[in-house]
């Protein structure tokens, strides 16, 4: 079994937003797909550890904003690299408007939105899959949708070739979101605090290689 | 509501294969996604009208071959444009080998395979979603995975600018698979016999436009 076969599956990227008791929040996901066309239904699968997961489970509605190739890395940092439990991700954020179902639409670095009303929640262990009727949707731009591969190759900053911290400790980086863990060994049961992926999705950053120029 | 927002969702493309009572079959789908990583599980959603759907429902195992950018249109014709009820799709087909779970792996125009054992079947109306443990997987090549957009732009033959048949009838083409229906009006309840998509996924082929060269 070669685990890398999993990386051959293609995905889009999305901001999924929720509103509970007047509070807005959203997170990045790659799990939005159409499941039936008659009626028009989509599914989104979220880790139970995500704050947005709990908000959607309670409120029963959400909006998916489809991320396009012109999205900036800042969009991913804002919605993907921090938790709505700690910060208000929509504070001082101008690139959004409110959908009819009360949740936010992200309007920059996106090319469409789909609002959903949950009709079924499926327990998948670590995750819940929400199946939803599409209640509203519009195209926002003609820029192509960003795939997960496009994000990795063109939006995410290239990792610097630093293998150790300044004081000599090993750095492990989450291949999914870029979160860095410092320590000689990564605990086997470690879970990325940002994207909730397991230790198997972390890689030791390759030690810096001296270039010919640096040797001189 | 602009239905075209649905086309902004990104998908990969896959051959999903099954074996029941010694008979092999497979179809093209865009619905394979990872749903959890601990344990490693994928889902695939198939129309209940598909023969492969019934075979997987009975046999409980399948294999997904991930289609790559070097796939030929013939692969889509073989597995997507005909039904296993009518033909043996693996007859005289050399580009395959048998997986440990007894189903076929397609080895040309693909870059990986994942074998699945169904642990849950979710009724979604017109479709069934099969959630499966990944029991085996390997990488087959380094060619990038074909997205649905890549298929539309680079693999599917460009439609010829013919708006009418030779005897003057209107042609409707399925945007999903390319199936053509001939008739002045497409019935509202029409279902594509190949990919099972509804009438709303058909478009009237634009009438041929005379070029300047042709006018002379």
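Read the figures in this text as sums done on the coordinates, not as results from a lab. Fair warning: this is a prediction, and the values are worked out from it, not measured in the lab. Note that we place each Cβ from the backbone using ideal geometry, even for glycine, and neighbour counts take in every protein chain shown.
In nm to one decimal, list the spacings between the residue A:153 label point and its equivalents in the other copies, with label points set 7 Å along Cα to Cβ, shortest first. So the label point of residue A:153 gives 1.1 nm to the other copies. Going from the fewest other Cβ atoms within 10 Å to the most, the residues A:149, B:15 appear in the order A:149, B:15. Relative contact order, whole percent, for chain B stands at 19, derived from Cα pairs under 8 Å and 6 or more residues apart. Pair-distance distribution P(r) for the stretch A:20-100, from all Cα-Cα distances in 5 Å bins starting at 0: 3, 12, 23, 26, 21, 11, 4, 1 percent.
Ascending distances from the residue A:88 label point to its copies in the other chains, with the point 7 Å along the Cα-to-beta-carbon line: 6.8 nm. In terms of surrounding Cβ atoms within a 10 Å radius of their Cβ, B:37, A:68, B:200 rank from fewest to most as B:200, B:37, A:68. Among B:21, B:136, sorting on how many other beta-carbon atoms sit within 10 Å of each Cβ, with the fewest leading, yields B:21, B:136. Taking the inverse of the mean reciprocal distance over all distinct Cα pairs, the Kirkwood hydrodynamic radius of the stretch B:78-178 comes to 17.3 Å. Computed extension gain for residue A:4 through residue A:91, at 0.36 nm per residue and net of the alpha carbon distance, reaches 27.5 nm. Highest mobility in the GNM of chain B, judged by mean-square fluctuation with C-alpha springs under 10 Å and restricted to B:120, B:82, B:169, is found for B:169. Only helical runs count toward this figure. For chain B, summing -39,500 (n - 2.57) over DSSP H runs of n ≥ 4 and dividing by all residues gives -2500 deg cm²/dmol at 222 nm. Here is how far apart the residue A:38 label points are across copies: 4.3 nm, shortest first, using a point 7 Å from Cα toward Cβ.
Working note: Cα gyration tensor of the protein assembly as shown, eigenvalues times five, square-rooted, sorted largest first, giving semi-axes of 37, 27, 23 Å.
Per the Debye calculation on chain A with a single equal scatterer at every Cα and no solvent contribution, log₁₀ I(q)/I(0) for q = 0.12, 0.14, 0.16 Å⁻¹ amounts to -0.68, -0.90, -1.13.
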